[in-house]
Structure formats: structure tokens, C-alpha cells
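Peer 1: Take this structure first; my questions come after.
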Amino acid sequence: MAERIIVTGINGFVGKHLARELANNGLEVVGVSREETVHDEISGIVHEYHSVDMTREWPAIMGDAVIHLAGLAAVGSSFDAPQDYLNLNSAMLTNMAEYYLAQDKKPRIISVSSGAIYDPNQPLPITEESAIGYTSPYAVSKVLNELQCKYYRNRGLECVVARPFNHIGPGQLPGFLVPDVIDQLKRGDEIKVGNITTRRDYTDVRDIARAYRLLATTPELHFDTYNACSGKSVQGESIVELVKNASGKPHATVTVDQSKIRPTDIANIYGSAERLKQDTGWQPEIVLEQTIADAVNDQN
């Protein structure tokens, strides 16, 4: 079982939850991020912290596994800066992998990709063998990362790809549906949204963090790619209603802002995590209503 886990992007939304998940399970946490210091929320549980621009270099650190979260991650923003997503997301993985190629001890690398890379126009649920699509610059950057992982597997690194679908919960930053709706409700009784008739596969971020821990620490994995998802889709309208109710504003009005609609928005997608469940025993545990309530309470 891995004992010392390196987490990139540890100061981010998922990173802080992952740090807690690892520490709560007796694992030594090493954080890597661009900020000068580790976030106050997790400073007491991170054993070691390295401040570095991973697009330029990788710090001289060793561990039993690396969970690579760092990168540009907002689908919507990727349309405005497509080349940045390609350049920066690929550079980080290259610098990390090249460093470990030169070391005698090579950690297992969990490279976090996305369920957003799949072609939505195919039978559901989506499995790891389903067809890949290219619906955003963000998705293209993640496909590029996966191709890099294939290359480095051929060079002798154990690179495992995790493909999480939408994950939500306390601490999520603006730019995503749930925190954006919560923020608007804190300021008034009107919500402006994009296309909320679409359906997505939502999982609590804490369940996703547990999936990453299991992928990093399970002694033997039989595949190199794993979906992490709930196995069902929920309409955006339902998410908004849950946020309204949890915020104590069930009668708030909802209007569509055309500028928030993405050019390649898909109607419905959900995945299968059977492979992950079979190899690690993982399954989601936190129900959607609890996830939304915790997210609302976290911002109030």
C-alpha cells in the first residue's frame, strides 16, 4: 500500500478534499502547487509542500504515487484560451514524467482526465471503451494528456488515467453551475443560467477524492483507465431547484443568459464506473441532496 502520496494542485477545489481524504486514511501528503504556501484549510495535514510552476519544472520529490490534479479545468473558459489549455496542461505532465523517468524509483502516476472527453452521440452509459469526442479545447487538452500517458507507459512509468464526470460539493470555485447559482442567490432572488435542460452525471467531490485515493493505493490495478461517476444523469433544472431550496429561496426566478450557453453543449451524458468498482471496491456514498446542502452551507 502506498504511504507517501504527492498531490499536484493541492490548493484547489479537489486538492483540499483529497488532502483530507489521504490524511484521514493514514497517508503522508506531499503538496505541489503554484501558490507560495499551502492553503490554511489543509496546512495542518500536509506533511510537505512545494511551490513551483509545473509548466516549467518539477520539484525533486519522491513518493509512492502522484495524483496529478493541476491544470486548467473550466470547459467554458477553454473556448477563450484554447492554446493555453493545450500548452499548459501538457507541459505539466511532461515535466513530471520526464523527472521520474530519470529516477530509479518510479511512483504510480494517477493522471486526472475527464468524462468530458467522450463523444456524447453514442449509447449510454459511457464506459472506458466508448468513443472519444472533441467538444471543447479543454477536452482536447485532456485527450492530449492521455496520449502522453500512453507514451510514458511505453517508457516504463505506471500511468493510470482517471476520467471523473461532473463533481460538485463544498469549496467549488465560481465558473461552475452550483457555486454560481449559490453566489447569485446570496445577492438576490434572480438567477441567470445557461442551458439547464441538459443532463449530467454528478458525483460528490469527496467521493471522487476517495476514488483517487483507491487508484493510488490499490496494490494491483488491471486497467490503465477508469471512469469515476455516479452512473446516472440529472437535469440542470433539478440542480438549480435543489440549490434554491437549500438556500431558503425556493421562489427565486430563473432566466436564461445566452452568453452562458456553450457552443457544443450536449443534451445528456452519464457514465459507468463498474471497472473502478470491480478493481477497488469504490462506489459513491454521498447523496445529491447532501452534496448541495453542504455546498450551500460552505458558502454561507
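Peer 1: Separation of the range 105-182 and the range 191-215 by C-alpha centroid, Å?
Peer 2: Each part reduced to its Cα centre gives a spacing of 13 Å.
Peer 1: For the range 132-139, just list the computed ³J(HN,Hα) in residue order, Karplus coefficients 6.51, -1.76 and 1.60, θ = phi - 60°, integers in Hz, with x standing in for Gly and Pro.
Peer 2: Going residue by residue, I get 8, x, 9, 8, 7, x, 4, 4 Hz, with x marking Gly and Pro.
Peer 1: Considering every Cα-Cα pair within the range 216-281, what fraction, in whole percent, is farther apart than 19 Å?
Peer 2: Everything past 19 Å amounts to 58 percent.
Peer 1: Could you check the spin-label model distance between residue 154 and residue 183? Points 7 Å from the Cα along Cα→Cβ, value in nm.
Peer 2: Result: 4.2 nm between the two label points.
Peer 1: Follow-up question, since we're still on this one. What number, rounded to the nearest 500 deg cm²/dmol, is the helix-based mean residue ellipticity at 222 nm of the chain, given -39500 (n - 2.57) per DSSP H run of at least four residues and division by all its residues?
Peer 2: For the chain, the value works out to -11000 deg cm²/dmol.
Peer 1: Applying a 10 Å radius around every beta-carbon, put 172-182, 7-17 in order of their mean neighbour count, most first.
Peer 2: 7-17, 172-182
Peer 1: With N denoting the number of residues in the range 108-239, provide Rg(C-alpha) divided by 2.2 N^0.38 Å, to two decimal places.
Peer 2: Relative to the rule-of-thumb radius for its length, the range 108-239 sits at 1.17.
Peer 1: Now for a separate question. Which log10 I(q)/I(0) values does the range 37-182 give at q = 0.11, 0.12, 0.13, 0.16 Å⁻¹ under the Debye formula, counting every alpha carbon as one identical point scatterer?
Peer 2: -0.48, -0.57, -0.67, -1.01
Peer 1: Where is the GNM fluctuation largest for the chain (alpha-carbon springs, 10 angstrom cutoff): 81, 228, 73?
Peer 2: Between 81, 228, 73, it is 81 that shows the largest mean-square fluctuation.
Peer 1: To continue, here is another question. For labels at residue 119 and residue 47 in the simple 7 Å Cα→Cβ model, what's the distance in nm?
Peer 2: 4.5 nm
Peer 1: If R0 is 30 Å, what FRET efficiency do you get for residue 129 and residue 77 from their C-beta distance, rounded to 0.05?
Peer 2: Step by step, r from the Cβ atoms, then E = 0.50.
Peer 1: In terms of modelled amide H atoms, which long-range or inter-chain residues lie less than 5 Å from the amide H of residue 126?
Peer 2: Those qualifying (amide H under 5 Å, at least 5 residues apart or on another chain) are 270, 271, 272.
Peer 1: Right, next: Output the Cα-based Rg and Dmax of the range 173-213 in Å, rounding Rg to one decimal and Dmax to a whole number.
Peer 2: Looking at the range 173-213, its Cα Rg and Dmax stand at 13.2, 39 Å.
Peer 1: Nearest 10 degrees is fine. How inclined is helix 13-24 to the longest principal axis of the chain, computing both from alpha carbons?
Peer 2: Taking the Cα atoms of the chain, the angle to 13-24 is about 60 degrees.
Peer 1: Sticking to Cα atoms, compute the Rg of the range 107-174 to one decimal and its Dmax as the biggest Cα-Cα distance, whole number, in Å.
Peer 2: According to the Cα coordinates of the range 107-174, Rg and Dmax are 13.4, 39 Å.
Peer 1: On average over all directions, what projected area in square nanometres does the range 165-300 have, based on the convex hull of its Cα atoms?
Peer 2: 8.6 nm²
Peer 1: Separate question: At a 4.7 angstrom Cβ threshold, list every cysteine in the chain that has nobody to pair with, or say none.
Peer 2: Within the chain, the cysteines lacking a partner Cβ under 4.7 Å are 229.
Peer 1: According to the Kirkwood expression over distinct Cα-Cα pairs, how big is the hydrodynamic radius of the chain, in Å?
Peer 2: 19.6 Å
Peer 1: Continuing with the same structure: Can you flag which of 192/260; 16/142; 192/244; 106/150; 186/244; 186/232 are past 20 Å Cα-Cα?
Peer 2: Violating the 20 Å Cα-Cα cut-off are 16/142; 186/232.
None of the figures in this text is laboratory data; all of them are computed from the coordinates on show. No experiment lies behind these values; they were computed from the predicted model shown. With ideal geometry, Cβ positions are generated from the backbone for all residues, glycine too; neighbour counts draw on all protein chains shown.
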